[in-house]
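The values are calculated or read from the model by the stated rules, or taken from the named source; none is laboratory data. Source: prediction; values computed, not measured. Don't worry about glycine lacking a Cβ; one is built from the backbone with ideal geometry, like all the others, and counts go over all protein chains shown.
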Amino acid sequence: MQLCVIGTGYVGLTTGACLAAIGHDVICTDADAAKIANLNQGKLPIFEERLPEVIAAAVAAGRLRFTSDGNAAIAAAETVFICVGTPPDADGKANLAAVEAVARQIAQNARGYRLVIGKSTVPVRTGDQIKRVLTTYASGRFECDVASNPEFLREGTGVYDFFHPDRIVTGSDSDRAATRLREIYAPVLEGRFQCGWHQQAASACGWKPPAWVATSIKSAELIKHASNSFLSMKISYANAIADICELAGADSSEVLRGLGLDRRIGADFLRPGIGFGGFCFPKDLSAFIEMTAELGYDFRLLREVQAVNARRVEQFMRKVREELWVLQGKTLGVLGLAFKAGTDDTRLSPAYGVVRELLRLGAHVRAYDPQAMERARQELSGPIEYCERAEDVAEGADAILILTEWPQFRDADWPAMANRMARALVLDGRNLFEPGELSRHGFHYRGLGRAPSDAVAAPALSS
Ligand SMILES: NC(=O)c1ccc[n+]([C@@H]2O[C@H](COP(=O)([O-])OP(=O)(O)OC[C@H]3O[C@@H](n4cnc5c(N)ncnc54)[C@H](O)[C@@H]3O)[C@@H](O)[C@H]2O)c1
């Protein structure tokens with residue numbers, strides 16, 4: 001099938017490449033001509049595991065192309081996916097300017113029939129508006145259906161998630177649209193693909209048939225906002241429980257494990273931290289609150305989710321100050337800048353919140369992130385030294401702060417790091433370690449929602 005994907009960011013690029021991998025002819029376009037030029041030279045704008053291999057294979061097979069000529073891309077394809085950004089406005093509502101611009105562009109360049117699929121995360125009833133724009137601005141013989149196909153991929157495992165979704169949600173209001181949507185995703189629904197990036201059949205990679213959730217357009221739009229808000233709520237709940245554990249003298253790892261083992265609750269997203277960030281949860285939560293308010297519902301529950309999250313960086317900084325008192329002139333080693341592990345995305349990263357606060361208080365920062373340092377160099381200003389290895393942040397540091405849960409931080413040479421520091425202190429903003437793990441290497445360790453653990457003295461030499 002001939003598909004056009006508009007917007008080649010985390011969602012559009014991953015979706016376009018994976019749709020090509022399952023056999024469609026895909027043309028990706030973006031308003032950012034430099035991004036397209038780079039893609040045509042094989043340079044990816046984002047870090048996403050497995051994506052380079054999937055793109056290279058699809059391009060080599062002649063099924064994936066990139067163009068900055070959006071009009072031509074629209075004219076050539078039977079089905080158009082809208083994957084542009086929907087950033088927050090100052091009032092928290094979703095800014096739909098890019099979605100509207102793309103709908104107009106489609107109306108002006110498509111002839112004959114088009115299925116226009118909204119993949120961007122949008123407030124309920126956006127589908128109606130897209131349809132209205134398509135009809136209003138149509139400049140020739142043009143007939144269309146609109147559908148909603150919200151995206152649930154997780155940055156960092158986006159390729160895996162495309163091939164192994166829990167569910168595929170499609171909202172449409174015509175049989176013609178519903179049939180085409182099912183045809184597009186048939187290889188994923190039936191496991192008819194090699195597992196994306198290597199030559200194993202789907203069945204050999206733990207693939208299970210996803211649920212096919214066919215709904216109205218409005219329901220599909222709501223499913224996405226309701227899902228992200230629920231996941232945000234789970235994170236804020238875990239953070240609130242961690243705070244309570246600290247006050248009560250309990251251990252949040254024990255409590256949250258005990259909670260998550262209940263299948264009705266589930267263990268995912270029950271880990272305390274310095275808060276959720278990224279391009280999805282914060283903006284989708286506020287857009288959902290604003291949109292439900294427009295509908296006449298005051299979603300106070302979600303406002304509290306926001307409030308809990310907003311306090312996380314401040315609470316973490318309180319711990320830093322409790323340990324170090326004055327920060328001016330001190331050196332802080334920072335591990336992690338991305339908003340979560342597995343990505344180079346730093347949008348609304350809580351790690352940035354901590355780093356900015358450290359700099360404001362006059363500290364000198366030595367930072368390392370496996371993927372996000374290039375972005376951070378452009379986005380953060382102040383006395384930050386970017387290190388080549390995780391171990392190097394320890395040099396002369398008064399403390400190391402773990403701000404992103406990259407698993408490789410666990411494998412760093414912690415005993416050597418302790419020796420390089422002015423004071424062997426770790427403040428773990430992601431509970432990457434268990435209490436006691438670093439203490440045996442001589443660190444004073446503080447995590448979230450549990451008692452600090454003191455450095456264990458080296459055993460005395462027997463006389
Ligand atoms: N990032 C995620 O993990 C994720 C997951 C699920 C859903 N979403 C949703 O998907 C949408 C896209 O998110 P993203 O993270 O990929 O954003 P992104 O910023 O990485 O990519 C958006 C792309 O759209 C392009 N664009 C903007 N206006 C355009 C226009 N008029 N014509 C053509 N291209 C245009 C931009 O240049 C950019 O490359 C958002 O609504 C987001 O909420 C994101």
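Pick from segment 358-369 the residues that are of a type outside the set (Ser, Thr, Tyr) and assigned to a strand (DSSP E or B): which of them is nearest to Ala390 (Cα to Cα)? Filtering first and then ranking leaves Ala367.
What's the total number of residues in segment 103-135 that are near the ligand (Cβ under 10 Å from one of its atoms), under 22 Å from Ile223 (Cβ atoms) and over 28 Å from the mean Cα position of the chain (by Cα)? Matching residues across segment 103-135 total 0. The set of residues in segment 261-278 that are out of contact with any Pro (no Cβ under 8 Å at 6 or more places or on another chain) and within 19 Å of Val305 (Cα to Cα) comprises Ile265, Gly266, Ala267, Asp268, Phe269, Leu270, Arg271, Pro272, Gly278. If you go through segment 136-149 and keep only what is away from the ligand (no atom under 14 Å from the Cβ) and in a loop (DSSP other than H, G, I, E, B), you end up with Ala138, Ser139, Gly140, Arg141. Selection of strands (runs of 3 or more DSSP E) fully inside segment 388-454 by the criterion of at least 1 residues being small (Gly, Ala, Ser) returns 399-402.
In this entry, Gly92 passes the filter for residues that are in a loop (DSSP other than H, G, I, E, B) and either over 20 Å from the mean Cα position of the chain (by Cα) or more than 13 Å from the ligand (Cβ to nearest atom) (or both).
For Glu304, are the conditions met, namely being surrounded by fewer than 17 Cβ atoms within 10 Å (Cβ to Cβ), touching a residue at least 60 places away in the same chain (Cβ under 8 Å) and under 23 Å from the mean Cα position of the chain (by Cα)? Yes, satisfied.
Condition test on Leu327, is it free of Cβ contacts under 8 Å to residues at least 40 places away in the same chain, farther than 18 Å from Ser236 by Cβ and more than 19 Å from the chain's Cα centre (by Cα)? It is true that Leu327 is free of Cβ contacts under 8 Å to residues at least 40 places away in the same chain, farther than 18 Å from Ser236 by Cβ and more than 19 Å from the chain's Cα centre (by Cα).
Per the conditions (1) away from the ligand (no atom under 15 Å from the Cβ); (2) farther than 16 Å from Ile117 by Cβ; (3) modelled with pLDDT under 95, the sole criterion not satisfied by Pro52 is (3). Say whether the condition of being under 27 Å from the mean Cα position of the chain (by Cα), surrounded by fewer than 21 Cβ atoms within 10 Å (Cβ to Cβ), modelled with pLDDT of 95 or more and in a strand (DSSP E or B) is met by at least one residue in segment 172-179. Within segment 172-179 (the criterion being under 27 Å from the mean Cα position of the chain (by Cα), surrounded by fewer than 21 Cβ atoms within 10 Å (Cβ to Cβ), modelled with pLDDT of 95 or more and in a strand (DSSP E or B)), the answer is no, since none of the residues qualifies. Count of segment 68-84 residues, restricted to those that are away from the ligand (no atom under 13 Å from the Cβ) and not hydrophobic (A, V, I, L, M, F, W, C), is 2. The set of residues in segment 370-386 that are in a loop (DSSP other than H, G, I, E, B) and within 24 Å of the chain's Cα centre (by Cα) comprises Pro370, Gln371, Ala372, Leu380, Ser381. Scanning segment 30-67 for residues that are small (Gly, Ala, Ser) and surrounded by fewer than 16 Cβ atoms within 10 Å (Cβ to Cβ) yields Ala33, Ala34, Ala37, Gly42, Ala56, Ala60, Ala61, Gly62. The single condition among (1) loosely packed, with under 15 Cβ neighbours inside 10 Å; (2) under 23 Å from Ser139 (Cβ atoms); (3) near the ligand (Cβ under 10 Å from one of its atoms) that Pro87 does not meet is (2). Please go through segment 150-171 and pick out each residue that is within 15 Å of the ligand (Cβ to nearest atom) and part of a loop (DSSP other than H, G, I, E, B). Listed by number, the residues that qualify are Pro150, Glu151, Phe152, Leu153, Arg154, Glu155, Gly156, Thr157, Pro165, Asp166. Apart from one condition, Thr14 fits all of (1) in contact (Cβ under 8 Å) with a residue 60 or more places away in the chain; (2) away from the ligand (no atom under 15 Å from the Cβ); (3) β-branched (Val, Ile, Thr); the exception is (2). Just to be sure, is Glu388 surrounded by fewer than 20 Cβ atoms within 10 Å (Cβ to Cβ), of a type outside the set (Phe, Trp, Tyr), over 16 Å from Leu324 (Cα atoms) and in contact with a Phe, Trp or Tyr (Cβ under 8 Å, 6 or more places away or on another chain)? For Glu388, the condition - surrounded by fewer than 20 Cβ atoms within 10 Å (Cβ to Cβ), of a type outside the set (Phe, Trp, Tyr), over 16 Å from Leu324 (Cα atoms) and in contact with a Phe, Trp or Tyr (Cβ under 8 Å, 6 or more places away or on another chain) - is met.
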